[in-house]
Amino acid sequence: MLNKLRPTTLFECPRCSAGYKVVRAEAPDPTSSEIACLSCGEPLAGREGAFVLKYFLVDAPKERQRRSA
Ligand SMILES: [Zn+2]
């Protein structure tokens, strides 16, 4: 991997294609927080090694909700 610090990376939800900016932060305590896609509820990785991942929605998918009423 690169030594260069890359504070943010981009992530795309595999399910709904929502675009997220992912920020890695050092985890002060090993609490595992459940993270889910804001758009579709797909579970997202909340940790990467010693870091916690924070997701910021930057590209919401187009509304293509099924009207299953
Ligand atoms: Zn999603």
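Checking the conditions here, which among Ala60, Ala27 is at pLDDT below 95, within 12 Å of the ligand (Cβ to nearest atom) and surrounded by 12 or more Cβ atoms within 10 Å (Cβ to Cβ)? Before the answer, list the steps.
Working: Ala27 fails: within 12 Å of the ligand (Cβ to nearest atom).
Among Ala60, Ala27, only Ala60 is at pLDDT below 95, within 12 Å of the ligand (Cβ to nearest atom) and surrounded by 12 or more Cβ atoms within 10 Å (Cβ to Cβ).
When Glu42, Glu12, Glu48 are checked against the criterion of being modelled with pLDDT of 80 or more and surrounded by 14 or more Cβ atoms within 10 Å (Cβ to Cβ), a single residue qualifies: Glu42.
The values are calculated or read from the model by the stated rules, or taken from the named source; none is laboratory data. Since the structure is predicted, the reported quantities are computational estimates derived from the model, not experimental observations. Using ideal geometry, Cβ is built from the backbone for each residue, glycine included, and neighbour counts are taken over all protein chains shown.
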